[in-house]
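K.L.:
Just passing along the structure, written as structure tokens.
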Amino acid sequence: MSLKDKMRGFIVLIILLVVSEVLPVRNEQHRADGGGFKHRRRQPGNHGKTNNRGLQQNNQTIRNMRRDNTVECGNGTFVCDNGNCIDAIDVCNFRNDCGDRSDENKTICRGRSDVCWPWQSTCTSNGTCIRRYFQCNNGKCIQDGLACNRRDHCGDNSDEEQAIPGLKCVYGSKTDVCVLPQRYLRYDAVHCLNEADRCFDNNGNLMCFECLDKRLIIANTQVCDGVFDCYDLSDECLCEDKKIPNVCENVCLGPEDNCTKGTFQCGKFLEYTARITDVCNRRVECPDGVDERYCRQNASTQITVCPGSPENDTFLTAYVCDGRPECYDLSDECDAGCAVEPAYCIIRDRFLPDSFSVRCDNGFQLTQVDICDGRWSQCEPRIMEEEEDCVGRFECSSRNGSFISIDSALHCNGYSDCDDDSDEEGCDRFYCTTVNRGPRSVPKNFVLDDFRDCTDGSDECPPDLDNRQFSSRNEMISNVVLRGWLWIMAIAAIVGNSYVIIKTVRKYKKLKTSSTIGKANHTLIFNLALADGLMGVYLIILAGHSAYFSGRYCYQDERWRTGNVCSGLGALSVIASESSVYILAVMTALRLYTVSQPLKSRELKLRYVYLGALLAWSAAITLAVVPLSTGLYDVIIDGAWFPSKFFQSTAVDYETLLRYSTDFGIYTPNITTLTLHRNERVPWLEIKRYLNRNSPNRGIRGFFGYYSLNSVCISKLFVTPQQRGWQFSMSIVFVNFILFLFVACAYATIYKLSNRNKVVQVSDRRQARMQRKIIRLVVTDFACWIPICLMSFVHFSQIISLANDAYVVTAVVLLPINSVLNPLLYSNAFGNLWKKLAPLRSKMAGTCCPKWAEKESNNENEIKMSKPTNPVMGSQETVLESDTEKENDTTKPAQVEVTQL
């Protein structure tokens, strides 16, 4: 052979090798029915991966076959046992392409492999199929458009599974819902048309639901939807509202139920039991078929075995009378005893016995996979029964779109599958505010569940929150007037009481020559200003957080109300309000004592006043801190912050969470169940420790306690007898009510005694000023606590049910009243400041209103002339300005002059 002939042969060999590499890929592409996946690589994870000895051995067997195939047949082909070479795509296609059926070997076709077949040109070196190829469970690579199209292209039916546990979605060329293999969840890829398989965020955090046995990951929308999608049934049997009670309520709890854990009693036939793992295995274990009834939407309980197709000897299992023809000869829907026989059953009589199909005039062969699939086939002339009256499907309004009908499971699923969007109109769902991508709507029970199911997060900040007066989706306090008033009251309370505190401290040295009563009043005024100043601190912190959360409060509501800051603020408000009330009561008692016992009051020991102030602070601090004690959790706690798709609210009450915790131990492998104490209540903290230890990602995040009922963090003032801890709340309200009555009666007595025991005559104007002063004291106390007490009593009696709006009014308007006004009423510091500004006021008044200026001047002169010359004890105003109050003769009996209250 010449050199030229050798070169020519070498070139031909090279061309043949290139063609053998390219043609199989192109042939597979031409066989595709359409569709495709969009892949974006992600770091592989361990979710959904099955590690067992049989799988590893099968993986190794497939790897070992690569050498023989590559050497003998070349890449992209399969070497048969008889030595023949066939295209890789022809392996496991139910046809004897090898001649010895070695291409249909059950070890290869029905086995399970995590790696793709290495003899395929579409299989990469890392054991995965190339882009736009679907990897079957047995390792075969098929084009994306061939998956979930009602034809088994894998050979193990893994591209057509619908009624087994797993993540279900539409990912093929039709509108059928199929199970997506778990391996696809380990990559940043979008396979499902509704993106239900987007289960990890950019940081690798799981966003989908993981079954408790950790075998599967499913979409959040599959939780509590009435279909078993987990092997351990945990996606349905842990739900607060169980949609499959005839299975979940019959699950064995353990030996105490005289049964085996991991089994359940069969519906109406309780004498029969089945294993949980037998549910949705396409075999009926229970007489009533309850174990196979809830495996897909619209599934029936009866299963039949279909005859094999003319091309192979395999058999299929199909649901009978569910509206979808699965058997080649339609025997699962026609002449099967269905209540209503589908219209397409008349086509059955036209089936060719050799192909189980109808040969149309244009040569197209219509098979069962083309019937009721939502699209008109290529059959001409058109057979109308092909897509008419299809059970289990939703008919689109427009018959001229891509789909005539869709699977009823896709109706109102948040994604438009009909071209005219008719499948998403009028649905009883929450519609997302803006839809750039993602779902148009989500189930209503997904609203405010702490999972952002809408792309814009509007399901966690629904617009109807703006209709609430207490807090809206954007603001902690929705009313703009109240928000502004909060800042005003906070600043006024802090400035006013700080001024009083500074003045009392500066006047401390001058009080050394004052009477015991003067020192006592000085001490109480200082403590009162300190208590009211704490209320100002509470208000300013609350106002600051309100501004911080502005525009996004709804995303922080539960975290804020169950957090330590809110609890601390609530305790601070109780300390401030209660200490102020108690110190006012001590001051009132001291005034009443000095007026009723003027001589004995001169011998009053100052330590009793200190003791009274100390008791007031101690009682207030105790009342504030006690609700935070873990020992009272079972009395105070209303619920737990427990975000989960299992519950209809993120605030889960005790009974619901206890039931969940016991069920959690049943369905979670390798953990002990929660210990229930006979005739004893399982503590909240024990439930929290149990759940957080066994399921850190599903643990309790916080508790809704005494200060968590509202966004302003004040205590539970308005309770009913049905609420836990109502005794504690009503005791505080009742004591405050009694103290108000005491203050009111005491001042009435003071007024009466002062009129009877005056030592000097005062003018009628002076008498009127005294009356107005007492009235203001009583009215301010009335305005603060009487409305709160009355609202609490009315709400407790359930005559009227108060909304949560009452709390914001209480926190922002009622409670701060005393804190702001007490510096003006119980101290003359601001009175002196007002007097120092008299020249400026007179000058301004003389310019604009001369008559008013002259009248004010006469009033001041009259007050100066009517001042007592030798008071033993005056009001707190006189005490604070002790330079005008000197005791010239302490041995003389003295009458108490109280006209400057």
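K.L.:
Taking all protein chains as present, what is the carbon and sulfur share of the accessible area of the stretch 441-586, in % to the nearest whole number, probe 1.4 Å?
P.N.:
C and S fraction of accessible area: 59 percent.
K.L.:
Per-residue accessible area for L615 at 1.4 Å probe radius, Å² rounded to 10?
P.N.:
Here the accessible area works out near 110 Å².
K.L.:
Of K507/K600; K214/K261; K106/K168; K214/K268; K168/K688; K174/K242, which pairs sit farther than 22 Å apart, going by alpha carbon to alpha carbon?
P.N.:
Cα-Cα > 22 Å for K507/K600; K106/K168; K214/K268; K168/K688; K174/K242; rest within.
K.L.:
Next up: Run the numbers for E603 and E655: contour at 0.36 nm per residue of separation, minus the present Cα-Cα distance, in nm.
P.N.:
12.7 nm
K.L.:
In nm, what is the difference between 0.36 nm times the number of residues separating V626 and F742 and their Cα-Cα distance?
P.N.:
Here the segment from V626 to F742 would lengthen by 39.2 nm.
K.L.:
Grab the Cα-Cα distance for N564 and Q722, subtract it from 0.36 nm times how many residues apart they are, and report the gain in nm with one decimal.
P.N.:
54.2 nm
K.L.:
Next up: Would you mind telling me the share, in percent, of accessible area of the stretch 91-154 contributed by carbon and sulfur at probe 1.4 angstrom?
P.N.:
43 percent
K.L.:
Going through the stretch 610-682, which trypsin sites (Lys or Arg not before Pro) have at most 14 other Cβ atoms within 10 Å and a DSSP loop state?
P.N.:
Answer in residue order: R678, R681.
K.L.:
Just add up the charged neighbours of H795: K/R +1, D/E -1, any other residue whose Cβ is under 15 Å from the Cβ of H795.
P.N.:
Around H795, the charge tally is 0.
K.L.:
Quick check for you: with a 1.4 Å probe and neighbouring chains kept, what is the accessible area per residue of the stretch 362-455, in Å²?
P.N.:
Heavy-atom SASA per residue in the stretch 362-455 reads 47 Å².
The values are calculated or read from the model by the stated rules, or taken from the named source; none is laboratory data. Bear in mind the structure is a predicted one, so any value in this text is a computation, not a measurement. Cβ coordinates were reconstructed from backbone atoms using ideal geometry, including for glycine residues, and neighbour counts include every protein chain displayed. The accessibility values were calculated without ligands, DNA or RNA, using every heavy atom of the protein model including side chains. Shrake-Rupley method; radii C 1.70, N 1.55, O 1.52, S 1.80 Å.
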